Number of protein chains: 2
Amino acid sequence: MVTRAGVVVTGTEVLTGRVADRNGPWLAEQLRRLGADVGHVVVVGDRPEDLVAALSFLSGTGVDLLITTGGLGPTADDLTAQVVGGFQGRDLAVDPALEQRIGRIVERLMARRGWRADPASTAAGVRKQALVPDGATVLEPVGTAPGLVVPPAAGRTGPPVLVLPGPPGELRGMWPAAVAAAPTRAALAGAAELRQETLRLWGTLEAQLAATLRELEPELGGLEITTCLREGELEIVTRFAAAAQPAYDRFAALLAERYAATLFSTGPTLDDLVATALAGQGLTIAAGESCTGGLLVARLTERPGSSAAVLGGVTAYADEAKEALVGVPGELLAEHGAVSPQVARALADGVRARFGADIGVGITGIAGPGGGTEAKPVGTVHLCVVGPDRAEERSLAVPGSRTAVRERSVTMAMHLLRALLLGGPAA
Amino acid sequence: MVTRAGVVVTGTEVLTGRVADRNGPWLAEQLRRLGADVGHVVVVGDRPEDLVAALSFLSGTGVDLLITTGGLGPTADDLTAQVVGGFQGRDLAVDPALEQRIGRIVERLMARRGWRADPASTAAGVRKQALVPDGATVLEPVGTAPGLVVPPAAGRTGPPVLVLPGPPGELRGMWPAAVAAAPTRAALAGAAELRQETLRLWGTLEAQLAATLRELEPELGGLEITTCLREGELEIVTRFAAAAQPAYDRFAALLAERYAATLFSTGPTLDDLVATALAGQGLTIAAGESCTGGLLVARLTERPGSSAAVLGGVTAYADEAKEALVGVPGELLAEHGAVSPQVARALADGVRARFGADIGVGITGIAGPGGGTEAKPVGTVHLCVVGPDRAEERSLAVPGSRTAVRERSVTMAMHLLRALLLGGPAA
């Protein structure tokens, strides 16, 4: 019997896209690791009746555990604790000791930021955040808001509700305590491990893969396979119980054989592969970027410790900057234009020399929507990766928006880096 | 009577966070403009029974229109058309003319990418994508997948379902046709305009604002106010019917008076303000970044036409790069260390001179998780913005993760730019 959980993400700012939800997927992944399957994440605004409808819906799907995120702030539109208390049939009351603890946190916060503190006017907000449903477990605040574990009132049935704050840092900080609470442990007891493995292809059309999967179908029992095309990369994620491990191994081996030319990873992401290879080979890198505006270096420096390999980069939009800061020869710019394979190579060579890096990357192109010509339409991008021994070059015609051109160019640069560092295809 | 719509986002890759959903919020905003209110966005995996449960739930909340995104690809886990057809009580059949059109699109796509085309093996995928519920309106493919408008079968009640593809570019391209379809027009007929206005504060604690909103509550009839704290910025979004415009104007005037020192926008985002001011004042800009790894220039160049103002930037992780590429004096680095107000200033001055820009920005700090010391802990960041007449400087102690430190630093730099360009607070 599969253990199931449901997640409700609250907040009009999430529903309307002003803030991207980072909690629903994170919780789905944590729950998977604990053996609980998430079938739905429901995003609701700040209207209490919408939240109640979402809780009722998920409860009705037979989940063993419900989780809410957000709506625990001091403002009047933050109503999750009250609504969940009502949903579970429990009255709320202010917890005086908790009220004091939150009050001290808010005082410290205002003092540290040097903001005008008006203790009287903030008291109502603090008191609201200290409202606790009768019989609930309080999870100590990581920010200012406490979390709650709220089981159904005596005589009622249904899953317990974990009430967690919306800011991702607070939610993640509170997660261990939420999982350790007795009602959560009881809800997840007996959950069986669910494994997940990923294969990644670069240069295979989704339709081809679909045909292969259809053909292999009789052998795929016990495997839940989903495919996703993202920025030209085809990701195949398979979930299965431990007993289906041999079936998965056979499936992975078959795909590795059929897609030897395009299967570039049996797990790690592209970024993992590049970072691990740079570190393992002790190589340093610098980038000269134009249309990608620094996104490649930003992506390379996302992870902790990247400064050991990434020396930096130059973003040179103007031709003068390409000459002065990266040493691209003026004649090259005049002869071939800034958007040309020759200038991509000169950018790579230039940053490699100026930063004293082992690897130089050059990217030049037209991200649009303006600036295109008949000979060099929007989406024309030239890339070059120069290493100690050899180079990889590529020219692209990327369809779509400015954002699409920038993102696809950065991903292509990462694939060229992967090919330079690890060999294999960069189709 | 309010017109309501519900959105179902499908795809295990979205549910598990491998792909961030960009469609739900975009659709919620489009529907708001058409006068339809979205109460719930439900994210489901690729299991048919979960999709049916989500459709039933939203239909039961009394929505006038249902929209699904995703699940229209050629692989076997893409089942939305079949499930929606069943939900509306309609049989499916292959539309031969549509099958031919999709077949030609797939052929062209494979030819353009130079990928191995095996016409026989892709035919099954094409045929699947051409399956249309009886009585549905076909929306022509923007990528390879057609969309559908599926009304309930004769004798059934319930809202029509718009079936749209998952890739955001395809969905957005298809939206005008989806809205123009007769069942959609009928569902949205009589929807009344819902206005939305935004106020933005920088340097006010959410608890203070909560106290103000409580106090003003008797005057806020007809206004649906939500507040959201994001990266230190407090966003106040108000939705209201046209008749409540005077109430909103009074509310906005009151807040402008009370928060004169921190209210920096009555609508435009921080990025809008900076871009408009740079263009309006005809100024150019360059940035010297360390811990932010190029994210500031990437953010400044996100929007079309930004190359007129943004000359470029240097990301200099290594001290040698700060000296060689930006001209930060070696003595300054030796005396104060790379993470110091002096080096932030030198980075700003250096890029300003080297790029010949009107405005130079310098950012240096410790993003962590390693590299901190007692005197300069992780999260220490120094920023400097130098313009033709004056400069703005700030030092921060940012709590949280590497990502948080990088993002908050970039946002602070944007606020300093805003203050330099437009005056006003940069608290």
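The values are calculated or read from the model by the stated rules, or taken from the named source; none is laboratory data. Here the structure is a predicted model, which means the values were calculated and not measured. Positions of Cβ are backbone-derived with ideal geometry, glycine not excepted, and every protein chain shown enters the neighbour counts.
Brief remarks follow.
- In the set (1) within 17 Å of A:Gly293 (Cβ to Cβ); (2) at pLDDT 95 or above, A:Ala404 fails one condition alone, (2).
- Test: residue in the stretch B:309-318 that is aromatic (Phe, Trp, Tyr), within 30 Å of B:Ala353 (Cα to Cα) and surrounded by 19 or more Cβ atoms within 10 Å (Cβ to Cβ): yes
- Subset of the stretch B:319-337 that is out of contact with any Phe, Trp or Tyr (no Cβ under 9 Å at 6 or more places or on another chain) and buried (at least 24 other Cβ atoms within 10 Å of the Cβ) - its residue that is farthest from the other protein chains (Cβ to nearest Cβ): B:Val328
- Residue ID - modelled with the highest pLDDT, chosen from residues in the stretch A:58-77 that are more than 26 Å from the chain's Cα centre (by Cα) and buried (at least 24 other Cβ atoms within 10 Å of the Cβ): A:Pro74
- Within the stretch B:199-210, the set of residues being among the charged types (D, E, K, R) and either in contact with a Lys or Arg (Cβ under 8 Å, 6 or more places away or on another chain) or over 14 Å from B:Ala252 (Cα atoms) (or both) comprises just one member, B:Glu206.
- Residue within the stretch A:389-412 that is assigned to a loop (DSSP other than H, G, I, E, B), over 33 Å from the mean Cα position of the chain (by Cα) and more than 28 Å from A:Ala256 (Cα to Cα) present: yes
- Any hit, the stretch A:54-66, residues being among the hydrophobic types (A, V, I, L, M, F, W, C) and closer than 20 Å to B:Leu27 by Cβ: yes
Per-residue answers, yes or no, for (1) within 14 Å of chain B (Cβ to nearest Cβ); (2) in contact (Cβ under 8 Å) with a residue 12 or more places away in the chain; (3) within 24 Å of the chain's Cα centre (by Cα):
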site: A:Leu162; (1), (2), (3): no, yes, yes
site: A:Pro165; (1), (2), (3): yes, yes, yes
site: A:Ala182; (1), (2), (3): no, yes, no
site: A:Gly190; (1), (2), (3): no, yes, no
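- Subset of the stretch B:297-309 [within 8 Å of chain A (Cβ to nearest Cβ), within 24 Å of A:Ser306 (Cβ to Cβ) and not acidic (Asp, Glu)]: B:Val297, B:Ala298, B:Leu300, B:Thr301
- Residue in the stretch A:106-127 that is modelled with the highest pLDDT, counting only those that are under 30 Å from A:Val179 (Cβ atoms) and at the interface with another protein chain (Cβ under 8 Å from one of its Cβ atoms): A:Val126
- Unmet requirement for A:Ser340, which otherwise passes all of (1) closer than 15 Å to A:Ala316 by Cβ; (2) buried (at least 24 other Cβ atoms within 10 Å of the Cβ): (2)
- Qualifying residue in the stretch B:44-61 (condition: on the phi > 0 side of the Ramachandran plot, touching a strand residue (DSSP E or B) at 6+ places or on another chain (Cβ under 6 Å) and in a loop (DSSP other than H, G, I, E, B)): no
- Any hit, the stretch B:340-347, residues being more than 24 Å from the chain's Cα centre (by Cα) and polar (S, T, N, Q): yes
- Per the conditions (1) touching a strand residue (DSSP E or B) at 6+ places or on another chain (Cβ under 9 Å); (2) surrounded by fewer than 22 Cβ atoms within 10 Å (Cβ to Cβ); (3) at negative phi, the sole criterion not satisfied by B:Leu347 is (2).
- Test: residue in the stretch A:293-300 that is modelled with pLDDT of 95 or more, within 22 Å of A:Ala367 (Cβ to Cβ) and assigned to a strand (DSSP E or B): no
- Screening the stretch B:355-374 for residues that are at pLDDT 95 or above and at the interface with chain A (Cβ under 9 Å from one of its Cβ atoms) and picking the one that is nearest to the chain's Cα centre (by Cα) gives B:Phe355.
- Cβ-Cβ contacts under 8 Å between residues 6 or more apart (or on different chains), taken from a first residue in the stretch B:13-36 that is closer than 19 Å to A:Asp21 by Cα to a second residue that is among the hydroxyl-bearing types (Ser, Thr, Tyr), are listed as B:Glu13/A:Thr226; B:Asn23/B:Thr69; B:Gly24/B:Thr69; B:Pro25/A:Thr16; B:Leu27/B:Thr69; B:Ala28/A:Thr16; B:Glu29/A:Thr16.
- Count of the stretch B:12-46 residues which are over 18 Å from the mean Cα position of the chain (by Cα) and more than 7 Å from chain A (Cβ to nearest Cβ): 4
- Lone unmet requirement of (1) away from chain B (no Cβ under 13 Å); (2) at pLDDT 95 or above for A:Val410: (1)
- Here the stretch B:62-86 is the region considered, the condition is being outside any loop (DSSP other than H, G, I, E, B) and over 20 Å from B:Ala130 (Cβ atoms), and the residue that is farthest from the other protein chains (Cβ to nearest Cβ) is B:Leu65.
- Filtered residue count, the stretch A:176-198, keeping only those that are farther than 29 Å from A:Asp249 by Cα, of a type outside the set (A, V, I, L, M) and surrounded by fewer than 18 Cβ atoms within 10 Å (Cβ to Cβ): 2
- Set A:Arg250, A:Arg239, A:Arg230: member being within 11 Å of another protein chain (Cβ to nearest Cβ), touching an Asp or Glu at 6+ places or on another chain (Cβ under 9 Å) and either at positive phi or in contact (Cβ under 8 Å) with a residue 24 or more places away in the chain (or both): A:Arg239
Residues checked against (1) part of a helix (DSSP H, G or I); (2) within 30 Å of B:Ser401 (Cα to Cα); (3) touching a helix residue (DSSP H, G or I) at 6+ places or on another chain (Cβ under 9 Å):
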residue: A:Thr315; (1), (2), (3): no, yes, yes
residue: A:Val328; (1), (2), (3): no, no, yes
residue: A:Glu331; (1), (2), (3): yes, no, no
residue: A:Gln342; (1), (2), (3): yes, no, yes
residue: A:Ala357; (1), (2), (3): no, yes, yes
residue: A:Gly368; (1), (2), (3): no, no, yes
residue: A:Lys376; (1), (2), (3): no, no, no
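- Residue under evaluation B:Arg18, criteria (1) surrounded by fewer than 22 Cβ atoms within 10 Å (Cβ to Cβ); (2) on the phi > 0 side of the Ramachandran plot, criterion not met: (2)
- Residue among A:Leu216, A:Leu234, A:Leu229 that is outside the structural domain of A:Leu396 (by TED's automatic domain parsing), crowded, with 21+ Cβ neighbours inside 10 Å and within 26 Å of B:Val106 (Cα to Cα): A:Leu234
- When residues in the stretch A:365-390 are screened for being in contact with a strand residue (DSSP E or B) (Cβ under 6 Å, 6 or more places away or on another chain) and of a type in the set (Gly, Ala, Ser), 3 of them pass.
Residue-wise test of (1) among the polar types (S, T, N, Q); (2) assigned to a helix (DSSP H, G or I); (3) surrounded by fewer than 16 Cβ atoms within 10 Å (Cβ to Cβ).
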position	(1), (2), (3)
B:Gly221	no, no, yes
B:Ala243	no, yes, yes
B:Asp249	no, yes, yes
B:Ala253	no, yes, yes
B:Ala275	no, yes, no
B:Leu283	no, no, no
B:Ala287	no, no, no
